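Throughout, read-outs are computed from the coordinates displayed, never taken from laboratory work. The structure presented is a predicted model; accordingly, all values stated were derived computationally and were not measured. In this analysis, Cβ positions are derived from the backbone assuming ideal geometry, glycine residues included, and neighbour counts consider all displayed protein chains.
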Amino acid sequence: MTGKGAKEKGKRGERAIAHLLSKGLDIDIARIPCSGALQGWKGDIQERKSSQSGTNSGILDPYCMEVKNQQKLNWWAAIRQAKSQAGSKEWLLIVTRALEGDEYVTMSLKHFMELLLRGKDNGKTE
């Protein structure tokens with residue numbers, strides 16, 4: 001695939017994941033332009049803030065999300081990129097098209113355990 005074609009495929013993957021998260025979480029999520037290279041805009045997708053909401057924080061604020069739309073993925077390079085984009089935020093690597101069109105999320109084991117414990121503290125798990 002050419003450079004331009006690969007970029008377009010990546011953008012389609014980012015938009016698709018933003019759409020799935022928006023629909024599933026009932027919040028407005030959008031693809032970030034320039035692949036997160038702009039100051040204050042890190043990662044590939046981010047929750048849009050509404051001036052009407054009265055708050056600047058959202059459910060996705062603690063996360064920096066990197067999206068990969070690839071059949072064959074260099075996992076370690078993708079994780080390094082997600083971690084470097086994240087800075088002080090938790091990194092999440094979201095992969096689409098990995099196996100038969102399914103989507104997957106990769107995160108650190110430490111963060112995964114924190115999510116499980118948070119659910120347990122909220123009475124969601126036993």
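Set the Förster distance to 30 Å, then compute FRET efficiency between R48 and Q70 from the Cβ-Cβ distance, nearest 0.05. So the FRET efficiency works out to roughly 0.70.
Show which lysines lie in cross-link reach of K83 when reach means a straight Cα distance below 16 angstrom and same-chain residues fewer than eight apart are skipped. Straight-line reach from K83, under 16 Å: K42, K68, K110. Potential lengthening of the chain between R12 and L117 amounts to 34.4 nm, from the contour at 0.36 nm per residue minus the alpha-carbon distance.
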